[in-house]
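What follows is a set of notes on a single structure, which appears directly below.
The values are calculated or read from the model by the stated rules, or taken from the named source; none is laboratory data. Everything quoted here is computed from the prediction, not taken from an experiment. Here the Cβ positions follow ideal geometry from the backbone for every residue, glycine too, while neighbour counts run over all protein chains shown.
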């Protein structure tokens, strides 16, 4: 890292400048732009083909893509992933790689249903999920920041603990790894705007979708416009400089990991409360969303908006897949189901390693 | 003194200094996890309901679950109740050894990759691929031979098929990491999902056993499976398979500690820059160690098919993930993997005993697994703990220092 961190509000330019010496950054940036461009081109081509030959497979696909239901489903599917991705950005930008996002989603998904079932309040349940996830994130923070544990192994432990604990608790309390159903909150509809074709889905959605919009905007604001956001970036890029400037690296990292717990908790709680149930068989209802979130923010280059857009890309594919499944297109269900995972690998292979924050994964020892 | 020599020196000091301490930390992590597990059992026992007669009483409070019974069943039950005088080789102990055998292979798979500095979370997927390939390959070959000759030919053949396909599947994240710089943690996790999905597709369609309602392949003939010697056949354990497992432990130990390839792997794991400077081809080492790691996972799958199930069925238990725990607990040392695999064999086999004997949900063992990993990952915690205890204050340091000089661990100090 050649240039000083914590000096500019313009993150993108800053990071690009700091990385130019490697030369390959520009290539990767081009690859990323290429992937995005190719996606847009493919979608446009598909829509055109669908318009010209409405009875072909392209026609069906185009129908699926332009359907308001697809956008609504994509938004719903992206909520847990995007929240977890935002949380991952906070943690990783501060220098703590939080691979336990999956575990945070699982624990909050269960706790939200449990508390909602106990109290009868959906929003109380939501808060319960957030608290549970934040507590687990606090444990992770103590272990990695306080006791200098390897971040990857500790994150894995967080995942495995939640993967065991949530079905365990469900079994103890409800006698089954799946909880009974609780009431869900009705969706919020903005009059007039909700009647727009296609984009109407943006204005008639579950409250968690609006909460996500707010969280994306809020995270962007924190990173780009506040001192705290600059501290987080400095803590991950050049902790020593932050320390010299008189800000405690440890405190900033604790705060960032706790925020990642809050955000992932919102995602997990929204996931289960939207369905009104937690299912804990096998990989549970979270089923890899926490790991897809990691890929989403890597692909989004640690930018909250970028992470949200790449989440929408994954979730959109998932939504189209669901639509195709319902229409009985000739691809077997089991294979359609693995497409998001294949796409993640293809994206990673094309984009390669996104530049991690300089000090990510390393413990920082304050010099006293 | 060349860079390679210096790297070798630093490496051996690091291994020596931490070996005894590692054993202590792993033991402490295990004990602490069991203690937390006991608290969890008590708390869970307060949250569920039972009649007053079924409850146990500690500290004047009634609990529905008794942690003493749980851990008694978990550990002694898994060993076939050696204290009761009615121990037999056909009991639960055979199940424990069966689980141990499978965990040896998945544990070695993770350990090998770890030593090369690669986090292979994909052992589970490599095991699924190896298992399916073995089931189909041996099924095809079993029409060519039969009888005792068939057993002698088909078992090595099946293991080879499992190893090759598991190895190829392991090579995928290796190539992605070496040539596309893709993070292996993410790719291996994704490949797990893909392996499970594709296996489900194949086994519910093209390769489905038409005579079974389950998603499984046509069962292998008896002679194509591991023979049950000494132990009862009902527990699906074969001492031959365990023999292969112990052989693999010794072989991997030898490869890692005494061959040029093993040296490349270890230096890449500890000091990648020094390794490259010393002439190690980093990309090739990454691909080779992940392929070999995948091959070990594939053998675990082959064992599962030819010893336990006799067919491939979807929903293979999470031996691959347990392999991560086994490896971390063993400090990624092949010899340690043998011990840690036995310990986890006990935990896995004991889970079913607990399920029979108590109402405590079996997912408890999953929580223990996570806790053990968490504690093993934070040696600093135990150092602080030891420093805080009066009288034992200097012990861990003394052990660490001892570890660096004393030759009490034989094979560990030969570098």
Worksheet item: Which of (1) under 20 Å from the mean Cα position of the chain (by Cα); (2) crowded, with 24+ Cβ neighbours inside 10 Å; (3) away from chain B (no Cβ under 14 Å) is the odd one out, the single condition residue A:127 does not satisfy?
Response: (2)
Fill in: Index of the failed condition, residue B:117 passing every other in (1) over 30 Å from residue B:55 (Cβ atoms); (2) crowded, with 24+ Cβ neighbours inside 10 Å
(2)
Item to complete: Considering only the stretch A:146-160, state which residues are crowded, with 24+ Cβ neighbours inside 10 Å, under 20 Å from the mean Cα position of the chain (by Cα) and at the interface with chain B (Cβ under 7 Å from one of its Cβ atoms).
Response: A:154, A:156, A:157, A:160
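Let's see how each residue does on (1) farther than 20 Å from residue B:244 by Cβ; (2) buried (at least 20 other Cβ atoms within 10 Å of the Cβ); (3) outside the structural domain of residue B:237 (by TED's automatic domain parsing):
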| position | (1), (2), (3) |
| --- | --- |
| B:35 | yes, no, yes |
| B:52 | yes, no, yes |
| B:60 | yes, no, yes |
| B:65 | yes, yes, yes |
| B:98 | no, yes, no |
| B:111 | no, yes, no |
Fill in: Selected residue (criterion: farthest from the other protein chains (Cβ to nearest Cβ)) from residues of the stretch B:337-371 that are buried (at least 24 other Cβ atoms within 10 Å of the Cβ) and part of a loop (DSSP other than H, G, I, E, B)
B:360
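From the residues in the stretch B:90-121 that are closer than 26 Å to residue B:276 by Cα and not in a helix (DSSP H, G or I), which one is farthest from the other protein chains (Cβ to nearest Cβ)? Spell out how you get there, then give the answer.
First, the residues of the stretch B:90-121 that are closer than 26 Å to residue B:276 by Cα: B:108-121.
Checking the rest, the ones that are also not in a helix (DSSP H, G or I) come to B:116-121.
Working: B:116: 15, B:117: 11, B:118: 11, B:119: 6, B:120: 12, B:121: 8 Å.
My answer is B:116.
In this structure, is residue B:70 crowded, with 16+ Cβ neighbours inside 10 Å, at pLDDT 85 or above, within 26 Å of the chain's Cα centre (by Cα) and within 14 Å of another protein chain (Cβ to nearest Cβ)?
Working: crowded, with 16+ Cβ neighbours inside 10 Å: yes; at pLDDT 85 or above: yes; within 26 Å of the chain's Cα centre (by Cα): yes; within 14 Å of another protein chain (Cβ to nearest Cβ): yes.
Considered against the rule, which asks whether it is crowded, with 16+ Cβ neighbours inside 10 Å, at pLDDT 85 or above, within 26 Å of the chain's Cα centre (by Cα) and within 14 Å of another protein chain (Cβ to nearest Cβ), residue B:70 comes out as yes.
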Worksheet item: Do you know which residues across the stretch A:263-281 are within 17 Å of the chain's Cα centre (by Cα) and either without any contact (Cβ under 8 Å) to a residue 60 or more places away in the chain or surrounded by fewer than 24 Cβ atoms within 10 Å (Cβ to Cβ) (or both)?
Response: A:274
Worksheet item: Going by the conditions given, is residue A:90 more than 14 Å from chain B (Cβ to nearest Cβ) and crowded, with 24+ Cβ neighbours inside 10 Å?
Response: yes
Worksheet, complete the sentence: Restricting attention to the stretch B:317-336, the residues that are surrounded by fewer than 24 Cβ atoms within 10 Å (Cβ to Cβ) and assigned to a helix (DSSP H, G or I) number exactly 3
Worksheet item: For the subset of the stretch A:179-201 comprising residues that are in contact with a helix residue (DSSP H, G or I) (Cβ under 7 Å, 6 or more places away or on another chain) and either within 14 Å of another protein chain (Cβ to nearest Cβ) or assigned to a helix (DSSP H, G or I) (or both), which member is modelled with the highest pLDDT?
Response: A:179
Worksheet item: Which condition number does residue B:269 fail, the rest of (1) at pLDDT below 85; (2) in contact with a strand residue (DSSP E or B) (Cβ under 9 Å, 6 or more places away or on another chain) being met?
Response: (2)
Fill in: Yes/no for residue A:116 being buried (at least 23 other Cβ atoms within 10 Å of the Cβ), assigned to a helix (DSSP H, G or I) and either more than 8 Å from chain B (Cβ to nearest Cβ) or at pLDDT 95 or above (or both)
yes
Discussion item. Just the residues that are touching a helix residue (DSSP H, G or I) at 6+ places or on another chain (Cβ under 6 Å) and away from every other protein chain (no Cβ under 14 Å), please, taken from the stretch B:320-336.
Written reply: B:334, B:335
Discussion item. From the list B:214, B:224, B:241, B:250, exactly one residue is surrounded by fewer than 18 Cβ atoms within 10 Å (Cβ to Cβ) and farther than 22 Å from residue B:331 by Cβ. Which is it?
Written reply: B:214
